[in-house]
Amino acid sequence: MSMETGYLLRCLHCHTSYAKNEVGYCCPTCELDGALDVLYDYERIGASFRADVARRDAFDMWRYRSLLPIPADFRPVLHTGGSPLYTLRHDERGRILVKDDTRNPTGSLKDRASALAVALASSRGYDTIATASTGNAAAALACMSAASGMRCVIFAPDSAPREKLAQMRAYGASVIEVAGGYDEAFVACYEACKENGWYNRSTGINSYMSEGKKTVSFEIAEQLHWQVPDRVFVPVGNGCIVGAVYKGFHELYQMGCTDRVPRIMGVQASGSDFMYRAWRAGTGPNGATAQPARTSAGSISVALPRDRIKALRAIEHSGGEFITVTDAEIFDAVTALARGCGVFAEAGAAAAYAGMQKWGSLAADETAVVLVTGTGLKDIAGLLRSGVLAEAVGERQVVAA
Ligand SMILES: *Cc1c(COP(=O)(O)O)cnc(C)c1O
Ligand SMILES: [Zn+2]
């Protein structure tokens, strides 16, 4: 057994603390309502965190391993994280930076979480890892499993796009199609993991996924020489990413590595706006009614977000806001980002930029970061259907040779 970073787990619902090996994925009392926070010894780790980071050669998510729940001798296989931070604009209307997480092994920020899931599963002796998902999380898990020689089983709703299932199968994952939607796939995955002793990566049960995703905040801070931006715009579906972005910045602040936490700006599609409504109502993470999701931005199409406690905390504790944008605004943002700085985002990811544009203006000395969570290459069909290309570029022209 190798040494693993020490940490505690605390339930966000009932606030009970557990030792790291005392519980599985979530709070045993609160079950699926009881997402756990992974808490480290910030005072001890903080004393040398920046120096530890500076000593690492590779610019990837593992350079922050003193604040990750992995064994000290863990060896990464694929280059994950370490994505570029570009300047989209810097003038008297402020500075807008784009964090390009399309540049990951499968083209999305989900690679950070899946890489950590596989690291956890293998350090705990599992040989099979499973997840319920329709899209980016499953592709990421299939890829990371393949690279690490682990067996991967995906539970996908039978309505999932064929292209995405093909990508998972190309990586060698077993894909089990489940009649129904994400909820049915989630239950099937949960049962199968219990019965077969597989590791379960599903969002909504596995509390550790925030740990992989928070590394994007560490990178942003390091790329800005440990100065934090004023605002970070993040797309919100289940709320895991937005919660993790906040946690990363908050941990840096707690350790004294930075002097404040940026305002976290959560952006939802107007047809999938549970968090926005709950935040406006001010009555906690269950303070809205779930409604069927209606948006073409698949990655943020969620009726009832599973990480709503963490998502609401991110906005409330950082003094940020939730914003909603229409699908038309989202697809306009896809082309604006591609043309503005050469980053081609999928709709769910471009929502962050749509939110930034809609929210308003920055002061001249303010910096905003737009988190681009996934590539547009996986859903060209969705972009064509949106009509935004015909509008912007004009009719198709065929020139005779
Ligand atoms: C999953 C995903 C999101 C939403 O993240 P949540 O953690 O579900 O809020 C946004 N963009 C992309 C590209 C994603 O894959
Ligand atoms: Zn609990």
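Structural remarks
- Spacing of the modelled spin labels on Glu92 and Ser123, each 7 Å from Cα toward Cβ, amounts to 5.2 nm.
- Taking max minus min of the alpha-carbon positions on each principal axis, the stretch 181-338 gives extents of 46, 41, 37 Å, largest first.
- Kirkwood estimate for the stretch 84-165, i.e. one over the average of 1/r between Cα atoms, Å: 14.3
- With all protein chains in place and a 1.4 Å probe, the accessible surface of the stretch 37-174 carries 47 percent carbon and sulfur.
- Solvent-free Debye scattering, log10 I(q)/I(0), computed from the Cα coordinates of the stretch 272-387 at q = 0.13, 0.14, 0.15, 0.22 Å⁻¹: -0.54, -0.62, -0.71, -1.28
- Net length available on complete extension from Arg151 to Asp183 is 9.2 nm, with 0.36 nm assigned per residue and the Cα-Cα distance removed.
- Mean Cα-pair separation over length for the chain, i.e. relative contact order, pairs under 8 Å, 6 or more apart, %: 16
- The stretch 286-401, dipole about Cα centre (Lys/Arg Cβ +1, Asp/Glu Cβ -1), debye to the nearest 20: 400
- Each label point was placed 7 Å from the Cα along the Cα-to-Cβ direction; for Asp259 and Leu8 their separation is 3.0 nm.
- When Rg and the Kirkwood Rh are both derived from Cα coordinates, the Rg/Rh ratio for the chain amounts to 0.95.
- Segment Leu32-Thr283, length gained on full extension (0.36 nm per residue, minus Cα span): 88.4 nm
- Given 16 as the ceiling on other Cβ atoms within 10 Å, longest exposed-site-free region of the chain for GluC sites (Glu not before Pro) in DSSP loops: 93-365
- Extents of the stretch 1-97, taken as max minus min of Cα coordinates on every principal axis and listed largest first, are 52, 35, 29 Å.
- Linear extension gain, Arg294 paired with Ser48, 0.36 nm per residue minus alpha-carbon span: 83.9 nm
- Helix-only arithmetic for the chain: the sum of -39500 (n - 2.57) across DSSP H runs with n ≥ 4, divided by the residue total, places the mean residue ellipticity at 222 nm at -11000 deg cm²/dmol.
- In the full protein context, the stretch 2-126 carries 46 Å² of accessible surface per residue, based on a 1.4 Å probe and ignoring ligands, DNA and RNA.
- Viscosity 1.567 mPa s, 4 °C: Kirkwood-radius Stokes-Einstein D of the stretch 47-136 over Cα pairs, µm²/s: 85
- As computed over the stretch 272-321, the Cα convex hull volume per residue (Å³): 75
- Estimated distance in nm for a label pair at Val399 and Arg75, the labels positioned 7 Å out from Cα along Cα-to-Cβ: 5.4
- Of the accessible area of the stretch 337-401, computed with a 1.4 Å probe over protein heavy atoms only, carbon and sulfur atoms account for 53 percent.
- Counting DSSP beta bridges with both ends in the chain, the antiparallel % (nearest 5): 35
The values are calculated or read from the model by the stated rules, or taken from the named source; none is laboratory data. Please read all numbers here as calculations on a predicted model, not as lab measurements. A quick note on method: Cβ atoms are made from the backbone with ideal geometry, for glycine too, and the neighbour counts reach across all protein chains shown. Surface areas here come from the heavy atoms of the whole protein model, side chains and all, with no ligands, DNA or RNA. Shrake-Rupley method; radii C 1.70, N 1.55, O 1.52, S 1.80 Å.
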